[in-house]
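Each value in this text was obtained by applying a stated rule to the coordinates, not by laboratory testing. As the structure is a computational prediction, the values presented were derived from the model and not from experiment. Cβ placement follows ideal geometry from the backbone for every residue including glycine, while neighbour counts extend to all protein chains displayed.
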Amino acid sequence: VDPGEFVAELTPADRDELFLIGRRRRWPAGATLFSEGDRSTTVVLVISGRAKVFSLTAQGGEVLLAIRGPGALLGEMSALDGAPRSASVSALEPLETYVVGVAAFLEFLGSHPDAAVRIVRMIVSRLRDADRKRVEFGTYDTLGRVALRLAELAERFGDSQPDAVRISLPLTQDELAAWTGSSRESVTKALGALRRQGIIETSRRSVSVIDLDRLRARAK
Ligand code: CMP
């Protein structure tokens, strides 16, 4: 199970109950769900579509923190600690969601310990990930980091085809650069190198992983 997945882990009865206290909302591609620093009043459950979680640097650059897909719970951090939104979230494609008020959500967690434990697991998994990234950023070269992120994306969001795993995400090279802690130039070089080695193919908006095993082997 995707560690970011929350909804599928609930029992059908709990899921229905949570949907009942929320309201359905659709967001067009590009819509901002949350802005970093805002006060929190809601959490959002993603039913379909993918969203990006990002933070802005002092220079106005965007650092991509995560991509969250169907089943994700968004906004739980400030719902739980009452602090401002830790990051901004926007729709990478049209989203279908349920929006739940913070007070109702906390009440739901109080009466559904399994769901609360599920959130703890999700946050632990995110902390492990953050620890791992810190180590990687210090020790892997750009090619290794790009290969690692692409392998993760292929595994989580890839569309398996007979001879390749296609990842089509509206992600720019700048975003991939921020996500891997590299410059855009070195990301372009890394993608070029992986392409020349026959590990990936690239087109305007998508990357096809031709050889996931070799990509994984290069991810260090
Ligand atoms: P919140 O801080 O309320 O608003 C921004 C949301 O983005 C946050 O809750 C989480 O749901 C999500 N988020 C923030 N950082 C990460 C991360 N590193 N990985 C995945 N999701 C995140």
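Let me check I've understood the local charge: for TRP27, count other residues with C-beta under 10 angstrom from its C-beta, Lys and Arg +1, Asp and Glu -1. What total comes out?
Here the count lands on 0.
May I ask for the equivalent-ellipsoid semi-axes of the chain, computed as the square root of five times each C-alpha gyration tensor eigenvalue and listed largest first in whole Å?
Details: eigenvalues 207, 69, 53 Å².
Values for the chain, descending: 32, 19, 16 Å.
Eigen-decomposition of the gyration tensor built on the alpha-carbon atoms of the range 50-129 gives equivalent ellipsoid semi-axes of 23, 15, 13 angstrom, largest listed first.
Between ALA66 and ASP114, the simple spin-label model (points 7 angstrom out along Cα→Cβ) gives 2.2 nm. Along its principal axes, the range 118-220 has C-alpha extents of 39, 29, 25 angstrom, given from the largest down. Treating each Cα of the range 1-100 as an identical point scatterer and summing with the Debye formula, the log10 of I(q)/I(0) at q = 0.13, 0.14, 0.21, 0.22 Å⁻¹ comes to -0.44, -0.51, -1.12, -1.22.
First measure r as the distance between the Cβ atoms of GLN59 and SER186, then evaluate 1/(1 + (r/R0)^6) with R0 = 22 Å and state the FRET efficiency to the nearest 0.05. The value I calculate is 0.75. Cross-link reach is defined here as a Cα-Cα straight distance under 20 Å, omitting same-chain residues fewer than 8 places apart; for LYS189 the aspartates and glutamates meeting it are GLU136, ASP141, GLU152, ASP174, GLU175, GLU201, ASP211.
For the pair the range 11-42 and the range 176-220, the centres of their Cα atoms are 33 angstrom apart.
When only the Cβ of Lys, Arg, Asp and Glu is charged (+1, +1, -1, -1), the dipole of the chain relative to its Cα centre reaches about 620 debye.
Helices in the chain, meaning DSSP H runs of at least 4 residues, each add -39500 (n - 2.57). Divided by all residues, the mean residue ellipticity at 222 nm is -13500 deg cm²/dmol. Here r is the Cβ-Cβ distance between GLU96 and GLU36 and R0 is 35 Å; the resulting FRET efficiency, rounded to 0.05, is 0.90.
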